[in-house]
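*Asks:* Have a look at this one.
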Amino acid sequence: MDTVGDRIRKLRQDKRLTLDQLSERTGISKGFLSDAENGNRNVSSQNLLKIANELNASLDYLLRGADTALKRYLNDAIFP
């Protein structure tokens with residue numbers, strides 16, 4: 001099962017950003033981002049929002065993953 005850190009890493013790599021670049025853009029240290037991606041640090045809601053905004057991702061996706069976000073969307077569309 002993917003973690004928040006796994007999803008951050010995947011999105012960062014998909015956008016071809018280095019840890020240095022994401023660090024500069026979010027104001028979060030490279031070491032903290034690395035620890036977060038490796039599951040060694042919990043990410044505060046404030047930092048998670050900065051990361052989500054920079055990676056153009058929803059908080060729901062970062063926290064729960066694509067499957068959950070898609071299922072919720074489909075359920076809302078089918079059963080409003």
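*Asks:* Any chance you could run the full-extension gain for residue 40 through residue 20? It's 0.36 nm times the residue separation minus the Cα-Cα distance, nm to one decimal.
*Replies:* Gain on extension, residue 40 to residue 20, equals 5.4 nm.
*Asks:* Restricting attention to segment 1-43, which trypsin sites (Lys or Arg not before Pro) occupy a DSSP loop and are surrounded by at most 13 other Cβ atoms within 10 Å?
*Replies:* Listed in order of number, the matching sites are 15, 16.
*Asks:* Using 0.36 nm per residue of separation minus the Cα-Cα distance, give me the extension gain between residue 6 and residue 29 in nm, one decimal.
*Replies:* 6.5 nm
Coordinate-derived values only; no laboratory data. Quick caveat, the model's predicted, so the values are computed rather than measured. Glycine gets a Cβ as well: all are built from the backbone with ideal geometry, and neighbour counts include every protein chain shown.
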